[in-house]
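Just below is one structure, and these are the notes that go with it.
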6 protein chains.
Amino acid sequence: MNGYACKENFTADDFFFAGLSKPGLTNNTFGSLVTGANVQKIPGLNTLGVSFSRIDYAPGGLNPPHTHPRATEIAFVLDGELEVGFITTTGTLYSKTVKKGEIFVFPKGLVHFQKNNGKVPAAVIVAFNSQLPGTQSIGATLFAAVPPVPDYVLSQAFQIGTKDVQKIKSRFAPK
Amino acid sequence: MNGYACKENFTADDFFFAGLSKPGLTNNTFGSLVTGANVQKIPGLNTLGVSFSRIDYAPGGLNPPHTHPRATEIAFVLDGELEVGFITTTGTLYSKTVKKGEIFVFPKGLVHFQKNNGKVPAAVIVAFNSQLPGTQSIGATLFAAVPPVPDYVLSQAFQIGTKDVQKIKSRFAPK
Amino acid sequence: MNGYACKENFTADDFFFAGLSKPGLTNNTFGSLVTGANVQKIPGLNTLGVSFSRIDYAPGGLNPPHTHPRATEIAFVLDGELEVGFITTTGTLYSKTVKKGEIFVFPKGLVHFQKNNGKVPAAVIVAFNSQLPGTQSIGATLFAAVPPVPDYVLSQAFQIGTKDVQKIKSRFAPK
Amino acid sequence: MNGYACKENFTADDFFFAGLSKPGLTNNTFGSLVTGANVQKIPGLNTLGVSFSRIDYAPGGLNPPHTHPRATEIAFVLDGELEVGFITTTGTLYSKTVKKGEIFVFPKGLVHFQKNNGKVPAAVIVAFNSQLPGTQSIGATLFAAVPPVPDYVLSQAFQIGTKDVQKIKSRFAPK
Amino acid sequence: MNGYACKENFTADDFFFAGLSKPGLTNNTFGSLVTGANVQKIPGLNTLGVSFSRIDYAPGGLNPPHTHPRATEIAFVLDGELEVGFITTTGTLYSKTVKKGEIFVFPKGLVHFQKNNGKVPAAVIVAFNSQLPGTQSIGATLFAAVPPVPDYVLSQAFQIGTKDVQKIKSRFAPK
Amino acid sequence: MNGYACKENFTADDFFFAGLSKPGLTNNTFGSLVTGANVQKIPGLNTLGVSFSRIDYAPGGLNPPHTHPRATEIAFVLDGELEVGFITTTGTLYSKTVKKGEIFVFPKGLVHFQKNNGKVPAAVIVAFNSQLPGTQSIGATLFAAVPPVPDYVLSQAFQIGTKDVQKIKSRFAPK
């Protein structure tokens, strides 16, 4: 039981989604927006093990370092140009600049990011081998959790003072 | 052992592919072309359980009824408009017209097709939850196998005469 | 949640089925009948990943080309002699005549068939590595779906005229 | 890598096996014989997750209590009549007498047995959801292991004296 | 649906268990006690595929030969010294004496045991790759099932007389 | 093929490991040390899906926030007392103080940490449902990758200046 119903009477609309057809709004802290097309939006995906997201990036926008606990990700660039990268469990960064129509793979569970270094918006469509891959954005996970991760844990983890920790926490605080 | 090597020294290029950036040539029998971006093209996908294909359709083009033995497929329309559909194991057709930016799901192993009824080319990017989903195009599988499926099997299967079978076989013969 | 209940109080009868002990009736269009012994008939199979079917064939009978979206099939000939075959994703037909007591394997998701070319009835017991493998019979899937697959899709798919399509559809129509 | 090769050039014979067509010899200690039709005999089964065995039983013959570490088993009676049973992890015996053409399920990993209480030979064809299910026959596993399980372990395990243990071991000794 | 609920409102206590902190009572037939820390005790383990047990052994105590139908086991010795072993499907015993802080692996589904030959109590913490591995203790499974496994099955299985069978059954009878 | 050999001739030592019996040295930056007991140390674990690690903590020691891309973790406290926690994909911290003999679960792929707030050393034994779970320590992954993650990515990701980024990088630099 995964929390999503097995409907009795499906229609073609249960396998359809129009919500990725328009660019997402990127006027936020990171200049990027992820829009999911997973089992929460497409009931017909239940048990089928695949989903999409669309990510839009303003010029300078960043999809900050994050992981997907339950899936590999493969990205296809719809528009623009992006610097993409992931870091392995042995600490090696694999990164590359990818352009419209090009593909890049982010292996299961590894920390990765995409950065729009260009002067025009960029967008990608990404696929996951999970109907609901989940996401942990590293910055928010550590500096904006509720209840908060203790300052002394973060101070020691990043080898910085608690004032520095509190400064970062303030940047992630809801406005 | 799945036949694909675990390389010792990966580079970022092993997770990269540029081969879907250009439309495929559609001047063929069906007016459509599938270009894969799977583990055969992207060594870094080995064991990661996901892949892409790009499909291009001329006006009137058809990606004829087929199955993927090892994967669900999810499609994102890059350009144009398509009539898409799949048939369930209980014989129900689920079909819909999908436009640029829209998504449709083809559940694992089921027969499905896409048809460009429009007057301009269309294109989709599709994702699979397999590094190598495999494809069986129904027409070619039955009428162009080597060695051939016997005429009497196809005659009985489609409730037509062997002359009709031979006519279809001739259409699928290499030219 | 797969739609089959986890019963609280099982008895031995939940792991038992007598419905394959008699030959199925084969006085139908194809001269063959498939009788399933899966989780729909045997509640104790729930989550256990295996099931049986019995297939009976009149002389000349055909189990027409079909796929199982969720399982490999392995067949044991109970009686008679059959021409069996499957086609791979690269278009190769593997076929063989198998007799009483012999075994043949149909790999996961591939199109396959069995034909009784003999003068006496034949029967097989087949096993699947799924509690409910599902079946798509190619002819009925394409030519008898509800709602119907459009004539122009089938005409293009099989490279025949729409009259030919309509003729095949009429053969698959309920009588 | 599971120890079985991915052949380059398969033929239909790689998916075929004739070794279950004749009854196995049952003139042994238990009056029963298991003949496997798994990946060790059928190379084409590699990675496909299913296999068969045939079991023959002399009158009075027993397939003694055993487990399959990697599979559920489903049995179809070819001939005769058998008392079959399995014991759950909560110590409940589910047993039944099954006749020609009837089916019984032995859930994954549980101890089970089949006994021919009739006056004529019996035979079953059984399927597993593994290409190589493995078998542990309880008696031989504990009383004929090499090197031997210590007498004091078996004495304590079955609450009998070491003389009793040695007596049982002698019955399982190679002759 | 596996019978365990997906709670809506988890707390940290759903991922916590204190029940393995004290030694289990070992004043029983076998001089050993298994205490589980699985999904039945820790609701947060649901779907997560791992669990612990603690096993305590009096001097001379035995965790008698048993199998786990759904998991591999790996043991870490907390205290004392144990003779441990498992038997393969080809009848080979792998055994070893392990001491405090040492580790031993019992592969999935195979019969295994642990015996405290020392003069002081021993204890282990064992992990399983299942949230609920299940256990079949061979002696009790065969000689104390309800309803009972017939005497003639056990007599033939262990090559002993029915009197011997009844003697063993009496030792396993509830007191 | 996972890179670990299927040995032909196993011995009991292939299922044994003594390397967790002694506390690890904790005189390092974080005051903690992880010692693995996985397939790299125990060849017999290959394909078996489970492994252990031992973690030692000096007073004040921290196992800094990290993820395991391929496994759930379950911890048993051997000595001392620890503050443990994980953060969900919706940004909730679940944390608790756990003592000797107590258990805590860290769900698959989520960021988690353990901190010794006590005045004496602490130690845990943790199990994973993977033979090689992999680890990404967040701080080192982002601030000590080779080649380095660009300053401007980290600056934007943590909403700090590049000087702050460089300060953190210097703390993670090899000495």
Taking a crude spin-label model, label points 7 Å out from Cα along the C-beta direction, the F:Gln40 to B:Thr11 distance in nm is 2.6
Inter-copy distances for A:Phe10, nm, shortest first, label points 7 Å along Cα→Cβ, are 2.8, 2.8, 2.8, 3.3, 4.1
Length-normalised contact order of chain B, Cα under 8 Å, at least 6 apart, in percent, tallies to 23
With -39,500 (n - 2.57) per DSSP H segment of 4 or more residues and division by the full residue count of chain F, the 222 nm estimate, nearest 500 deg cm²/dmol, is -4000 deg cm²/dmol
With the full set of protein chains present, the residues of the range B:34-70 whose 1.4 Å probe accessible area falls by 30 Å² or more relative to the chain alone are B:Leu48, B:Val50, B:Phe52, B:Leu62, B:Pro65, B:Pro69
If every Lys and Arg gets +1 and every Asp and Glu gets -1 at its Cβ, then about the Cα centre the range C:12-134 yields a dipole, in debye to the nearest 20, of 160
In whole percent, the fraction of accessible protein surface over the protein assembly as shown that belongs to carbon or sulfur atoms, probe radius 1.4 Å, stands at 55
Expressed as a whole number, the average count of other chain Cβ atoms within 10 Å around the Cβ atoms of E:139-149 is 6
Check: C-alpha center the range A:18-87 vs C-alpha center the range E:22-83, spacing in Å is 44
Once normalised by the length of the range E:83-122, the mean sequence separation of its alpha carbon contacts under 8 Å that are 6 or more apart gives a contact order in percent of 46
accessible surface per residue for chain C, probe 1.4 Å, DNA/RNA/ligands not counted, whole Å² -> 38
For C:Lys22, inter-copy label-point distances (7 Å, Cα→Cβ), nm, shortest first, read 3.6, 6.3, 6.3, 6.6, 7.6
Here FRET efficiency (C-beta to C-beta, D:Asp151 to D:Asn27, R₀ 35 Å, nearest 0.05) is 0.70
The local net charge around D:Ala127, scoring Lys/Arg +1 and Asp/Glu -1 for residues other than D:Ala127 whose Cβ lies under 14 Å from its Cβ, equals +2
Pseudo-spin-label distance D:Thr90 to A:Thr90, built 7 Å along Cα→Cβ, given in nm, is 4.9
Shortest first and in nm, the label-point separations between A:Pro148 and its counterparts in the other identical copies (7 Å out along Cα→Cβ) come to 2.8, 6.9, 6.9, 7.0, 7.8
Between chains A and B, total accessible area buried, probe 1.4 Å, no ligands or nucleic acids, nearest 100 Å², roughly 3200
For the rotation taking chain D to chain C, the chain D residue with the nearest C-beta to the axis, plus the distance in whole Å, reads D:Ala127, 2
For the range A:91-175, averaging the sequence separation of alpha carbon pairs under 8 Å that lie six or more residues apart and dividing by its residue count, the contact order in percent is 18
Among beta bridges assigned by DSSP with both residues in the range D:45-145, the antiparallel ones amount in percent, to the nearest 5, to 100
Taking a crude spin-label model, label points 7 Å out from Cα along the C-beta direction, the B:Thr162 to F:Thr97 distance in nm is 8.8
Expressed as a percent, the portion of alpha-carbon pairs in chain D spaced more than 23 Å apart is 49
Under a Gaussian network model of chain D whose springs join Cα atoms within less than 10 Å, the largest fluctuation of D:Lys163, D:Lys99, D:Lys41 belongs to D:Lys163
Everything considered on the Cα gyration tensor (a ≥ b ≥ c; rounded for a/c under 1.5, else prolate if a/b is larger than b/c, else oblate), the protein assembly as shown must be described as oblate
Placing +1 on each Lys and Arg Cβ and -1 on each Asp and Glu Cβ in the range F:65-159, then taking the dipole about the Cα centre, the residue among F:Val120, F:Ser155, F:His68 whose Cα reaches farthest towards the positive end is F:Val120
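The values are calculated or read from the model by the stated rules, or taken from the named source; none is laboratory data. Remember, predicted model here, so these are calculated numbers, not experimental data. Glycine also receives a Cβ, built like all others from the backbone with ideal geometry; neighbour counts cover every protein chain displayed. In case anyone asks, the SASA skips ligands and DNA or RNA and just uses the protein heavy atoms, side chains included. Shrake-Rupley method; radii C 1.70, N 1.55, O 1.52, S 1.80 Å.
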